[in-house]
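Visitor: Dumping the structure here so I can ask a few things about it.
The values are calculated or read from the model by the stated rules, or taken from the named source; none is laboratory data. This one's a predicted model, so the numbers in the text were calculated from it and none came from an experiment. Counting neighbours? That spans all protein chains shown, and the Cβs are built from the backbone with ideal geometry, glycine included.
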Amino acid sequence: MWKSISSYIFVLSTMLISVLCDKDFYDCAILEGIVEEKQALKEVTDAFELNKDFSESCLQILVNKNFYSSIEYLVNNVFNEDNDYDAVPALKRYISKVRERQDSVINLASEKRNIVTIGPAFQWAQDMNSVALLVKFAHRMDSPACIDLYDQNVTITETNITITCMCRKRDEIVRFYMNHELYMKISGNYSEFQSGGRLYLNLTKAEGNQRWRRLLFNEEQPRNMRVWYELMESIGDISENTVFETDDAFEDLVHIDKPTRKKKSKGGKKKKNKKKRKINDDL
């Protein structure tokens, strides 16, 4: 008796495998080459009328192409209640991925529309052989620096400095951009260090043992640029490092603010000078 039952089960299994193997599946790769929804709908309709079966990959391709009329046709005629395969989880997964990509495109477009481009504030100092720059990612040196920075690019050649950087400020995207030609050439040796929304650069002059009359080749001084007096004082006397030996007064210099003289206190005594700040080791 058990032998007969086993034989019967074996026959049914063989028949089932035969039926499954005889399924004629549609080649979903054909849908990849279709560019119009109308053509895709005709393709799946003709294939269904020829008793072709469809796999899950066909749904994925149609979702990626946004051919929803074709998807609806397959759901109504193939992946319906008569089909043991439940296509709902796969459709949710594919459509969710498409929505994520659509949302990312919308967010990107929104960011591009709201981008404001400004030049970062910066200050400079020099000694006989090098130039130090402090670039602050803000529109003024006394404004808070942007901390959330991304897509930063610093390009330094022997004559130019170009800096681009993106900044997120609440709901606003700010693009910092500066491109300046230097007064004289620098060598390829330079160092950089970044901290707290500030970029520190130390440039080596191509021709050492000399002072630059100004930082930039253009004589017009940018509004967001100033001399780094704190560093100059730590290096030494400003006049020794910033002014040409042939210059008689600060008024003759370009890009140099005339330093204010300290007022004498009552009684003829001068105020004590503050302690000089130490130069940053990274500069």
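Visitor: Cβ-Cβ under 8 Å, sequence separation 6+ or interchain: first residue in segment 210-232 and in the same structural domain as residue 181 (by TED's automatic domain parsing) and under 18 Å from residue 119 (Cα atoms), partner among the aliphatic types (A, V, I, L, M) and part of a loop (DSSP other than H, G, I, E, B). Which pairs?
Guide: 219/254; 221/254; 224/141; 225/215; 226/141; 227/256
Visitor: Looking at the structure I just gave you, is residue 117 in a strand (DSSP E or B) and free of Cβ contacts under 8 Å to residues at least 60 places away in the same chain? Steps first, please.
Guide: Working: in a strand (DSSP E or B): yes; free of Cβ contacts under 8 Å to residues at least 60 places away in the same chain: no.
When the stated conditions are applied, residue 117 does not pass them.
Visitor: Is it the case that residue 85 is surrounded by 10 or more Cβ atoms within 10 Å (Cβ to Cβ), modelled with pLDDT of 90 or more and of a type in the set (Phe, Trp, Tyr)?
Guide: On the way: surrounded by 10 or more Cβ atoms within 10 Å (Cβ to Cβ): yes; modelled with pLDDT of 90 or more: no; of a type in the set (Phe, Trp, Tyr): yes.
It is false that residue 85 is surrounded by 10 or more Cβ atoms within 10 Å (Cβ to Cβ), modelled with pLDDT of 90 or more and of a type in the set (Phe, Trp, Tyr).
Visitor: Which members of segment 150-170 meet the condition of being touching a residue at least 12 places away in the same chain (Cβ under 8 Å), over 22 Å from residue 218 (Cα atoms) and surrounded by fewer than 14 Cβ atoms within 10 Å (Cβ to Cβ)? Give the derivation first.
Guide: From segment 150-170, those touching a residue at least 12 places away in the same chain (Cβ under 8 Å) are 150-154, 156, 158-169; that's our starting set.
From the residues that got through so far, the ones that are over 22 Å from residue 218 (Cα atoms) too are 150-153, 165-169.
Selection gives 150, 151, 153, 169.
Visitor: Let me ask another. Taking residue 36 as meeting all but one of (1) loosely packed, with under 14 Cβ neighbours inside 10 Å; (2) farther than 30 Å from residue 172 by Cβ; (3) touching a helix residue (DSSP H, G or I) at 6+ places or on another chain (Cβ under 9 Å), write down the number of the exception.
Guide: Condition not satisfied by residue 36: (3).
Visitor: Could you tell me whether residue 173 is in contact with a helix residue (DSSP H, G or I) (Cβ under 7 Å, 6 or more places away or on another chain), in a strand (DSSP E or B), hydrophobic (A, V, I, L, M, F, W, C) and surrounded by 14 or more Cβ atoms within 10 Å (Cβ to Cβ)?
Guide: So residue 173 passes the test.
Visitor: Another question about this same structure. Condition check: in contact with an Asp or Glu (Cβ under 8 Å, 6 or more places away or on another chain) and either loosely packed, with under 13 Cβ neighbours inside 10 Å or over 24 Å from residue 36 (Cβ atoms) (or both). Does residue 51 satisfy that?
Guide: Spelling it out, residue 51 is indeed in contact with an Asp or Glu (Cβ under 8 Å, 6 or more places away or on another chain) and either loosely packed, with under 13 Cβ neighbours inside 10 Å or over 24 Å from residue 36 (Cβ atoms) (or both).
Conditions (1) at pLDDT below 90; (2) within 16 Å of the chain's Cα centre (by Cα); (3) on the phi < 0 side of the Ramachandran plot, marked per residue:
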position	(1), (2), (3)
138	no, no, yes
148	no, yes, yes
154	no, yes, yes
157	no, no, yes
175	no, yes, yes
189	yes, no, yes
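Visitor: Right, another one. Which of the following residues is assigned to a loop (DSSP other than H, G, I, E, B) and surrounded by 15 or more Cβ atoms within 10 Å (Cβ to Cβ): 125, 138, 132, 90?
Guide: Numbers: 125 fails: assigned to a loop (DSSP other than H, G, I, E, B); 132 fails: assigned to a loop (DSSP other than H, G, I, E, B); 90 fails: assigned to a loop (DSSP other than H, G, I, E, B).
After applying the criteria, what remains is 138.
Visitor: So, residue 102, is that one surrounded by 11 or more Cβ atoms within 10 Å (Cβ to Cβ), of a type outside the set (A, V, I, L, M, F, W, C) and more than 25 Å from residue 24 (Cβ to Cβ) or not?
Guide: Values: surrounded by 11 or more Cβ atoms within 10 Å (Cβ to Cβ): yes; of a type outside the set (A, V, I, L, M, F, W, C): yes; more than 25 Å from residue 24 (Cβ to Cβ): yes.
Yes; evaluated as a whole, the condition is true for this residue.
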